[in-house]
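The values are calculated or read from the model by the stated rules, or taken from the named source; none is laboratory data. Quick caveat, the model's predicted, so the values are computed rather than measured. Glycine also receives a Cβ, built like all others from the backbone with ideal geometry; neighbour counts cover every protein chain displayed.
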Amino acid sequence: MQRRIVWLGLTLVLLSSLQVNAQDENKERAYKKWFVGSTLLLLGNLDDTNNPEYIQLNAGYRITPKDVVQFRFKRSIYAWPLGIPFGPDFDAPGLNYPGHARILAPQLGYQRFWWKGVYTSLYVLNAFEKYVDVNKKKIGNGFTLYTDLYLGYQFTFFKDRFFFEPAIGISFWPVRTGVPDAFRAVEKKWNNYFIQPGLDFGFKF
């Protein structure tokens, strides 16, 4: 009798395990693999004082429920040193560049989900830059290699169709070449890293 109870218990455990595995497999098959999106940082374009003319387009592919590869394209104009932190110094008189830089930047990244919506991501960004002086005359070309590391959480809406990813990140640029002397003189007092928010959103399909 006890042996039958043991076998019955083992059978029920095995069946329940198979059912859970089947549910997990169905869930994995059901997740949406592709997505496109952008960022709420585009709202910075509403700044009339120093409009960055920022554009960001994201496209990605979910390899597994936890692993994502992503391509981003960024375009912007900036007239301030890259390492200057948000605060009273940011965009303060006398601390900006004598002109501005325009960048075109393709970016590749990997995103890993650890628990529910918690994720970390790492991106490598190649920024091709054109430097312009105060008279809007081109004075040189440059290149900056960025690495961006984020810690964030993905919120999903409307049956996992839409998502929003608030995050905190750090951007570090180990390679920076072709910066004109007048621009380098302004930025040399600042660090070669910058702490920034991440506010991506998108649509899954």
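Among the residues making up the range 56-70, those that are more than 14 Å from Phe201 (Cα to Cα), under 18 Å from the mean Cα position of the chain (by Cα) and surrounded by fewer than 18 Cβ atoms within 10 Å (Cβ to Cβ) are Tyr61, Ile63, Lys66, Asp67, Val69.
Scanning the range 45-85 for residues that are closer than 18 Å to Gly142 by Cβ and aromatic (Phe, Trp, Tyr) returns Tyr78, Trp80.
For the range 107-121, the count of residues that are in a helix (DSSP H, G or I) and in contact with a strand residue (DSSP E or B) (Cβ under 8 Å, 6 or more places away or on another chain) is zero. Checking each residue of the range 71-78 against the condition of being touching a Ser or Thr at 6+ places or on another chain (Cβ under 6 Å) and either at pLDDT 95 or above or closer than 20 Å to Thr144 by Cβ (or both) gives no match. Taking the criterion of being surrounded by 15 or more Cβ atoms within 10 Å (Cβ to Cβ), hydroxyl-bearing (Ser, Thr, Tyr) and more than 18 Å from the chain's Cα centre (by Cα), would at least one residue in the range 91-98 satisfy it? Yes, some residue in the range 91-98 is surrounded by 15 or more Cβ atoms within 10 Å (Cβ to Cβ), hydroxyl-bearing (Ser, Thr, Tyr) and more than 18 Å from the chain's Cα centre (by Cα).
Residues checked against (1) over 22 Å from Gly44 (Cα atoms); (2) at pLDDT 95 or above:
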| site | (1), (2) |
| --- | --- |
| Tyr123 | no, yes |
| Lys137 | yes, no |
| Asp148 | no, yes |
| Phe155 | yes, yes |
| Phe164 | no, yes |
| Pro174 | yes, no |
| Val186 | yes, no |
| Lys189 | yes, no |
| Pro197 | no, no |
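Determine, yes or no, whether Arg161 is under 20 Å from Asn50 (Cβ atoms) and either surrounded by 18 or more Cβ atoms within 10 Å (Cβ to Cβ) or charged (D, E, K, R) (or both). Here the answer is no, as Arg161 does not meet what is asked.
For first residues located in the range 82-104 and farther than 23 Å from Ile170 by Cβ, partners that are surrounded by fewer than 16 Cβ atoms within 10 Å (Cβ to Cβ) and lie 6+ apart or on another chain with Cβ distances below 7 Å form the pairs Pro98/Val134; Pro98/Ala182; Gly99/Val134; His100/Ile77; Arg102/Ile77. Within the range 135-148, being touching a Leu at 6+ places or on another chain (Cβ under 8 Å) and exposed (fewer than 15 other Cβ atoms within 10 Å of the Cβ) holds for one residue alone: Leu145. Only one of the numbered conditions (1) touching a residue at least 40 places away in the same chain (Cβ under 8 Å); (2) exposed (fewer than 14 other Cβ atoms within 10 Å of the Cβ); (3) not basic (Lys, Arg) is violated by Ile168, and that is (1). Number of residues in the range 112-134 that are out of contact with any Lys or Arg (no Cβ under 9 Å at 6 or more places or on another chain) and buried (at least 16 other Cβ atoms within 10 Å of the Cβ) equals 1.
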